[in-house]
Amino acid sequence: MVKIVNHPLIEHKLTQLRRKTTNTRNFRANLNELAGLLAYEISRDLPLKEVEIETPVSDTISNELSQDLVLVPILRAGLGMIEGIASLIPDARVGHIGIARNEGTLKPEPYYEKLPVGFENAIIMVLDPMLATGGSASAAIRSLKDQGARIIKLVCIVGAPEGVQKIENDHPDVEIFLAALDKRLDENGYIVPGLGDAGDRLFGTK
Ligand code: PRP
Ligand code: URA
């Protein structure tokens, strides 16, 4: 259930994210643009309904999206993906899940959650640039499912094999979208080659 989305623009923008000299401003811009490019692929199978409309010329039957969409960024770094996706799907509502990975144990520590009313009937896109051990994404998906969510897609920029394996084990029904599947995790749980600490680079906190 993992899909690596290939496109020359995705590869180009990912290179800007990976480069350690990319500053906060350019990191933020490239992350949002990448998320927008991924959105095109993620939304490929969204359900449609027929509606009757009038064009300036005649009546016709045309298609519109038929199901609510909810974006759920995992704080903080997932926030950097919202604008890019919402620019293509402006009616999407947004929930937030705050999870910090404990730097010693690498275990996820949830600290905040606010979800839109009726989210359980929507198609939910969980957003996080980094899928490392997979602990944070798996915990977010578990929380959504425990509250009734049924259709969940996980959208990340860079994944490690360990994280993909964890999501496939814990949530085999969840489709995973990545811009790149990297080699491995290092001894600190960072993705190699990766792009460093996405939250710190996005917000300029280090
Ligand atoms: C990072 C990243 C993911 C998580 C990935 O967030 O944005 O949420 O680590 O690691 P995992 O797959 O091993 O759980 P972090 O906890 O550093 O928080 P931040 O976004 O606030 O910097
Ligand atoms: N979180 C990040 O921000 N980067 C990694 O490489 C792993 C976890």
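Residues of the stretch 166-186 include none that is within 16 Å of ligand 2 (Cβ to nearest atom), within 21 Å of Asn26 (Cα to Cα), open to solvent by 10 Å² or more (accessible area, probe 1.4 Å) and basic (Lys, Arg). Check whether at least one residue in the stretch 94-117 is more than 13 Å from ligand 1 (Cβ to nearest atom), buried (at least 23 other Cβ atoms within 10 Å of the Cβ) and either at pLDDT 95 or above or farther than 26 Å from His7 by Cβ (or both), and report yes or no. No. Checking each residue in the stretch 187-206 for being surrounded by fewer than 20 Cβ atoms within 10 Å (Cβ to Cβ), part of a loop (DSSP other than H, G, I, E, B) and within 14 Å of ligand 1 (Cβ to nearest atom) picks out Glu187, Asn188, Gly189, Tyr190, Gly196, Asp197, Gly204, Thr205, Lys206. Please tell me if Ile151 is in contact with a Cys (Cβ under 9 Å, 6 or more places away or on another chain) and more than 11 Å from ligand 1 (Cβ to nearest atom). The answer is no for Ile151. Of all residue pairs spaced 6 or more apart or on separate chains, those with beta-carbon atoms under 6 Å, a first member in the stretch 185-206 that is touching a residue at least 60 places away in the same chain (Cβ under 8 Å) and a second member that is within 8 Å of ligand 2 (Cβ to nearest atom) and assigned to a helix (DSSP H, G or I) are Ala198/Ala77; Gly199/Ala77; Leu202/Ala77.
Here Ser58 fulfils each of the conditions (1) among the small types (Gly, Ala, Ser); (2) over 23 Å from Ile157 (Cα atoms); (3) buried (at least 21 other Cβ atoms within 10 Å of the Cβ) apart from (3).
The values are calculated or read from the model by the stated rules, or taken from the named source; none is laboratory data. Being a predicted model, the structure only gives us computed values, none of them experimental. Cβ sites come from the backbone with ideal geometry, for glycine too, and all protein chains shown count toward neighbours. Surface areas here come from the heavy atoms of the whole protein model, side chains and all, with no ligands, DNA or RNA. Shrake-Rupley method; radii C 1.70, N 1.55, O 1.52, S 1.80 Å.
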